[in-house]
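None of the figures in this text is laboratory data; all of them are computed from the coordinates on show. The shown structure was predicted, so the numbers you read here are calculated from the model rather than taken from an experiment. Methodologically, a virtual Cβ is constructed for each residue, glycine included, from the backbone with ideal geometry; neighbour enumeration extends over all protein chains shown.
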Amino acid sequence: MKSDATALTRKPPIRAAGCVLWRRSPIDGELELALVHRPRYDDHSFPKGKLKRDEGALAGALREVAEETGMTCRPGAELPTSHYCVNGRPKEVRYWAAEATGGTFAPNDEVDRLEWLRPAAARDRLTQERDRPLVDALLGTLEKD
């Protein structure tokens, strides 16, 4: 008989995707990153969510950005993938850098606030430690452009 731990590790990962959404401040042109606040979890994160059946990761990431932030965006480089467990099941979240190109935020069932923060402030505000390296990954990507 297999142990519960073995059974859990054999479950396919939950597939999700999101973006590290960025823009140049309309006030001073400095780089800003978008963080969403999800009241259900009372956390601050990058926009992301589970993929629909047969949905590609990039398409899902762009859909999640639109749903959670109201923003359209231009995707850029793929960023590191996050791997962690949720309720004993593995989860894989693929991320892309994405420049905001337009749109307007409206609070919704999942996200009640969208905040545009400088990279250092965004890094500090992120709830999960595992999200913080994505700030540096984005900065490294933008320096190459």
ask   = What fraction, in whole percent, of alpha-carbon pairs in the chain exceed 20 Å separation?
value = 47
message = Using only the alpha-carbon atoms, how far is helix 57-69 inclined from the longest principal axis of the chain? Give it as 0 to 90 degrees, nearest 10.
response = 60
task = Pick out, from T101, G70, P47, the residue whose Cα sits farthest towards the positive end of the charge dipole of the stretch 12-144, with +1 on the Cβ of Lys and Arg and -1 on the Cβ of Asp and Glu.
result = P47
note = Extension length gain for Y41 and K144 (0.36 nm per residue less Cα distance), in nm, is 33.6 nm
query = When only Cα pairs under 8 Å and 6 or more residues apart are kept, what is the percent relative contact order across the stretch 12-144?
reply = 33
request  = Considering only E64, E92, E30, give the residue with the highest GNM mean-square fluctuation for the chain, with springs between Cα atoms whenever their separation is below 10 Å.
outcome  = E30
request  = Provide the percentage of antiparallel DSSP beta bridges, counting only those with both residues in the chain; round to the nearest 5.
outcome  = 75
query = Roughly what angle does helix 132-144 make with the longest principal axis of the chain, taking Cα atoms, 0 to 90 degrees, to the nearest 10?
reply = 50
ask   = What are the lysines whose alpha-carbon lies under 20 Å from the alpha-carbon of K11, with same-chain residues fewer than 8 places away excluded?
value = K2, K50, K52, K91
